[in-house]
Amino acid sequence: MPEGPGTDAAQMLDAAGRVRATLVGLLRTGLQRVTTGTGTELAAASQWAHHARMTTVERELVALQAQVEKYLARDPLFRTEIFVDRVCRLAWRLDEVVAHLERGRTVGELVPLVGQPRRSYEPVDAALLVVPVAMRTWLSDTGFMGVTAQMWAPGIGRMVEAGLARPTEYFGTDPSRLVHQMVNEAMGITMQELAHGAWKLEGVKLSADGRLSLPADAWARQAAFPLADALASLRCDDLLQVVDRLMDDVLAPIDGGPAWIYLEPAAIGARRVDDTRTEATAVLLDKRGAEAILRVPLGPERRGQVENLAHLGAVDTRPDGLVVQAWVVGDQLHLEPITAVFHDPVQVKQRRRTLDVQLVHLAVEPLGMVRR
Amino acid sequence: MRGPLDDVAQLLRTLWAGGSGRPDPELRSELGPVADAVEQAGAVQLAETLRSLGEALAAGDDAAAFQAQLQVWVRLRGLRRGLAAQALRLRLQSGPEAEVVEADGWSGVFLPLGALVVAPRVHVHGVDVEGGWRTFAEQSVRVDGYDAFASPWISRLFQAELTLGEALGRTWELTGHPGVPTARRWVGRPAFGTRPRLGRTRVDVMEIPSLSSSERMGIGRAEVLAQRGREGWTVGSGGQRVRLDPCLELNLDKLAAVEGATVRREAVVLASQGERVLLQWGEPPSFPTLDPRACRWAPEALRKQATGSWGAVLRVLLGDAIGVREQEGLGSMDGFPLPDSSANLPGDDDPEASAQAFWRQWVALRAGRAPRGPAPTLLAALRGAAAGEVVGPERLLQALWSVERSGGLAAEAAVLAQVAAARPVAREGDLLEAVLQARLMRHGGVASSEGDERARVDAYRERVEEELAAMGRRLASDGVLPEQVELFWLGDAVAEARGLDRERGAGQLGIEVEALDRAAGAVLCRWVKGRGAPGEEEVLAWAVAEGSGRLDVFIEM
């Protein structure tokens, strides 16, 4: 029987109440008295969230269950403050869901808050102009690796992303190799080609959170490359502006994730690799002389970024600008360098090819091979 | 402030460790002093929520305790993160003010005079208002090396898609554009933060100085002399060779058809690297090295030359392009034997008459007149082929077209089946025979069911696409373009198979316009130069040029 429009909301309200009651029960019990049964309760709660289509809540509950198991296993990496943060963030999210539903908002409007079990993609009628500004590599806990291109779409005034994902079981753990694979057979361009220059995409579909689906009948045509325009929306003149841009997110109870920033640094210091903290760092100075730390976590998927961090400050290879992901942690500004931007095209030698580019994607392209 | 906030965080941890059911005995006694300390530090609301938490714990109300601790967490988190971010902000703010760096590029108005295109490189040459030579060079994302003037130019310099025609027809306004000054000129390249803005439509207010014959590097006016010999064109200026590219060659061919084998023009040229490049000539300026339309024939001259029986067909075919109204054209064609009339019919074996019958029907149908029946000469040829006579593929294609367009396919189904059975296997490269056999396969016989008809359509489409691909492969390997008649019929079949406009079939073949222009130009320049009446070859060449949308390359429109 088809469900009525209000059924989802009612189910969500019911599940939110039950999950919250589980959290209240968790506080009543306290960490010192949790048992394996607590984990079972959290698993049951994650099922309620699943049936109510609250994907984010479901994931948070699974993560919370993992925290409880860590506590029970006397894992030295368990931190009570992280556990408290996680419970309270989840409770806050649930309260927001209830408040929105009681104010008459529809379930569809709550997608940014509760997520979606499966993304829905809407066809884009006109040709979509996209200007790539960054490319990231990633490796997931669930056995997948991938490469994702971040692109500015001036027609819709937002960032969109397209990517490739492959199981690590068959393809290994080095996602940088994926950039040489075709986006899809029909388009006939590789991820690396997609990530340089601008493209007019036809026949593509777009999800609400900005992910592009490139079906077999999609078509890509090269377009003019207004890089400065694309970066203008991400541009911060100095580190102070970066912090101001992040301030709303700093004060929000639920994090929005790191922000994309374009910055033209005055200088970049030498790379330092800290194996204890499993990170590579370099000092960045802005035009006012203010200082921030460029930070890249060590990991197989970030090998290229760590390698390239050493070339960011070198005279021959120093870029004019950087696209970074930025966030505030305590009283520190963290910047992860993603793309080196050159105002005039440079040549990059990679394998047997020489690319003529303005962007060097630090995760997958060797900055050390740049020739001006 | 850090101290009391750390105490609050510790309280939260203690609460969660012991639980609200049986809280740590010291927790309640600690809540009061911590709340007071927090209040003294100025965080009044956080203090109030701490007291609410204490009350909820005392009352044993778990739900209220959870809500109160959540409020404590939210306020604590906000305060801690806000304070840390503010501290970070103050630290960053303490640095010196950034120096404002003025853009040190060139700002001014640029008057483009022409361009040198060696795809994908584009060098646009021109002068500023003081007459200084300036060049903008770029490696384009996309530029057509032959028809750069009207084809899309995806420019890194403009960071936009436009045409060279648009860019050369207007002034450029530049602000702080970076460039490199050399001894003779200033060279600009695509810049990150700035790009030229197209200004007003170009008016030549500036007199471009002459370029002396000894000049080896510069831009200016000079005479260009082109002479056609047995080996082709020789173009020179001031004792130097002028770069000759396919676009200029076609324009000179068209000019020579009217002016003769020697062409002399006052032009703006670029002298560089031991040769000269023709940038523009004439008033208003035209760009014979960039625009295949730079030299064209006047419609009146073509109209006058379109005489005789084929001329009548041509007048209808070209119509408005040469200033012949449709009714006038059709009227003049009516003076010749009608396709469905047996009166005045030449003999069945007269190929000229058959071809004319086809073309009359073709242009009449294009002008909106429905054929009253298949042309008798063509029908006779078709029946003759069924009876075993040797008939060429072109004539049979014409006959099939005539029968098909006048709705006679069902009536002639048996004849078509016989013709199909009698045709020899098409040899590799025999394009007309291959197209004919594909069409006989499609139209020979009556489909017994809808499924049968669909299968035939699919097989036809597949065969035609295969032939098109084979032609593409041959063209890529030997570079020899098929004949006009082959282009015409293959284009017709491709357009039919794809459900497109059959009269524009040649444009569907995916052949580069440079090759199409060159092939049509070879026939048409010879005709214009000969000043005689047209024949079937010329009509075919004009039909292919029109079908591929290249009529404006030859006729002033």
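Here are the numbers for this structure:
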{"quantity": "Euclidean distance between Cα centres, the range A:93-107 to the range B:118-182, Å", "calculated": "56"}
{"quantity": "Kirkwood hydrodynamic radius of the range A:111-200, from inverse mean 1/r over distinct Cα pairs, in Å", "calculated": "14.4"}
{"quantity": "Gaussian network model of chain A, springs between alpha carbon atoms under 10 Å - residue of A:349, A:287, A:70 with greatest fluctuation", "calculated": "A:70"}
{"quantity": "Pairwise FRET efficiency - residue A:33 versus residue A:233, Cβ, R0 = 51 Å, nearest 0.05", "calculated": "0.50"}
{"quantity": "222 nm mean residue ellipticity, helices alone, for the protein assembly as shown (DSSP H n ≥ 4; -39,500 (n - 2.57); rounded to 500)", "calculated": "-13000 deg cm²/dmol"}
{"quantity": "Point-to-point label distance, residue B:417-residue A:184, nm (Cα→Cβ direction, 7 Å offset)", "calculated": "4.5"}
{"quantity": "Hypothetical label at residue B:83: residues of the range A:331-359 whose amide nitrogen lies under 14 Å (7 Å Cα-Cβ projection)", "calculated": "A:331"}
{"quantity": "Rough spin-label spacing in nm, given labels placed 7 Å along Cα→Cβ, for residue A:170 and residue A:332", "calculated": "4.0"}
{"quantity": "Volume per residue of the C-alpha convex hull in chain B, rounded to whole Å³", "calculated": "292"}
{"quantity": "Shielding of A:325-333 by partner chains, average beta-carbon count, 10 Å", "calculated": "4"}
{"quantity": "Distance histogram in 5 Å bins (all Cα pairs of the range B:208-269, percent per bin)", "calculated": "4, 17, 29, 23, 14, 10, 2"}
{"quantity": "Peptide B:79-92, shielding by other chains (average Cβ, 10 Å cutoff)", "calculated": "6"}
{"quantity": "Calculated FRET efficiency for the pair residue B:526/residue B:327, C-beta based, R₀ 35 Å, to 0.05", "calculated": "0.70"}
{"quantity": "Pairwise label distance in nanometres, residue B:469 with residue B:61, each label 7 Å out on the Cα-Cβ vector", "calculated": "7.8"}
{"quantity": "Cα long-axis angle, helix B:308-318 against chain B (0 to 90 degrees, to the nearest 10)", "calculated": "10"}
{"quantity": "Cleavage-rule hits (trypsin sites (Lys or Arg not before Pro)) in the range B:271-338: DSSP loop, at most 13 neighbouring Cβ within 10 angstrom", "calculated": "B:325"}
{"quantity": "Backbone HN-Hα couplings from phi across the range A:12-24 [Karplus 6.51/-1.76/1.60, Hz, Gly and Pro as x]", "calculated": "5, 4, 4, 5, 4, x, 5, 5, 5, 4, 5, 5, 4"}
{"quantity": "Pairwise centroid distance, computed over Cα atoms, of the range A:111-184 with the range B:233-251, Å", "calculated": "51"}
{"quantity": "The range A:62-168: C-alpha pair distances exceeding 24 Å, %", "calculated": "55"}
{"quantity": "The range B:464-486 and the range A:307-372: distance between their alpha carbon centers, rounded to Å", "calculated": "47"}
{"quantity": "Backbone N under 12 Å from the residue B:427 label point (7 Å along Cα→Cβ), restricted to the range B:470-512", "calculated": "none"}
{"quantity": "Nonlocal amide H pairs with residue A:235, under 5 Å, H built at 1.01 Å", "calculated": "A:262"}
{"quantity": "5 angstrom amide H check on residue B:127, placed H, neighbours 5+ away", "calculated": "B:111, B:113, B:134"}
{"quantity": "Per residue convex hull volume, Cα atoms of the range B:104-175, in Å³", "calculated": "81"}
{"quantity": "Chain A - Kirkwood radius from inverse mean 1/r over Cα pairs (Å)", "calculated": "22.8"}
{"quantity": "Extension reserve of the residue B:241-residue B:206 stretch, reckoned as 0.36 nm per residue once the Cα distance is removed", "calculated": "9.9 nm"}
{"quantity": "Karplus 3J(HN,Hα) series, Hz, for the range A:178-184 with 6.51 cos²θ - 1.76 cosθ + 1.60 (x for Gly, Pro)", "calculated": "5, 5, 8, 8, 5, 4, 7"}
{"quantity": "Note, ³J(HN,Hα) from phi for the range B:26-39, Karplus 6.51, -1.76, 1.60, rounded to Hz, x at Gly and Pro", "calculated": "7, 4, 5, 6, 7, 4, x, x, 5, 4, 4, 5, 5, 5"}
{"quantity": "Cβ crowding within 10 Å averaged over residues, with A:169-175, A:194-200 ranked highest first", "calculated": "A:194-200, A:169-175"}
{"quantity": "Likely footprinting exposure, B:219, A:338, B:208, fewest C-beta neighbours within 10 Å first", "calculated": "B:208, A:338, B:219"}
{"quantity": "Quarter of Cα convex hull surface for the protein assembly as shown, i.e. mean projection, nm²", "calculated": "51.4"}
{"quantity": "Estimated FRET transfer efficiency (residue B:441, residue B:537; beta-carbon r; R0 30 Å; 0.05)", "calculated": "0.55"}
{"quantity": "Share, in percent, of DSSP beta bridges within chain A that are antiparallel, nearest 5", "calculated": "95"}
{"quantity": "Gyration tensor verdict on the range A:232-346 (Cα atoms; rounded if a/c is under 1.5, prolate if a/b is larger than b/c, oblate otherwise)", "calculated": "oblate"}
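Read-outs: derived from the displayed coordinates by stated rules, not from any lab. Just so you know, these numbers come straight off a predicted model, no measurement behind them. Reconstructed Cβ throughout: ideal geometry from the backbone, glycine too, with neighbour counts over all protein chains shown.
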